[in-house]
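**Student:** Submitted below is the structure of interest, expressed as structure tokens.
The values are calculated or read from the model by the stated rules, or taken from the named source; none is laboratory data. The structure displayed is predicted, hence computed values, not measured ones. Here the Cβ is made from the backbone with ideal geometry for all residues, glycine too, and neighbour counts use every protein chain on show.
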Amino acid sequence: MMHRIRAGLALACTSLPLAAFADPACAADSAPGLAIPWGDWLVGLLQPVTAILVPLAAAAVTAGVARVAPWAASVLTRDRVEAAIRAGAEFGQNAVAGTARGRTVSADLGAAVVAAGARHVLATAPAHVVRTAGGPEGVAARIFRALPLDPQASAANVLAPALTQLREPDKRRA
């Protein structure tokens, strides 16, 4: 409500000088050779107005971007995680002998495929993508779900051995 009152007062204050110059009686009192510099007067009036309105418009655009940015960042991060998981699944299928991309992976080769794909994602993806995916275990679980596995494959006989294979290099380094 206060904004409307201020806007009304500002409009009234700026329109009073315009009304005085636009009044026909005022124009008749002036000398016939007197020219009013409308262009200069208008430019002089608009310069302070634009000096105020341009930063306000920039602030409004910045506030709008700030409200949309978290949503956009989450969408882009989710897409990046999905792309990394797809790349890991394809890499695992290409890296393990006896499997081919796009074909069903058997239960006995599934653990090796999941482990190879997870190692690839952990080595190539940015750290925030790996954290968003749930760390090494989350990456392996997502690759497990993304693979076309045969019906005998389960989390117990594919995912658990893959997680064990992922932890083994850490034991050798320590």
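**Student:** Can you tell me how many residues in segment 136-150 are in a helix (DSSP H, G or I) and farther than 17 Å from Arg86 by Cα?
**Tutor:** 0
**Student:** Could I ask something else about it? Across segment 121-135, which residue is nearest to the chain's Cα centre (by Cα) among those that are over 10 Å from Ala84 (Cβ atoms) and part of a helix (DSSP H, G or I)?
**Tutor:** His128
**Student:** Let me confirm something: among Ala97, Ala153, Ala89, which residue is in a loop (DSSP other than H, G, I, E, B), surrounded by 16 or more Cβ atoms within 10 Å (Cβ to Cβ) and at pLDDT below 95?
**Tutor:** After applying the criteria, what remains is Ala153.
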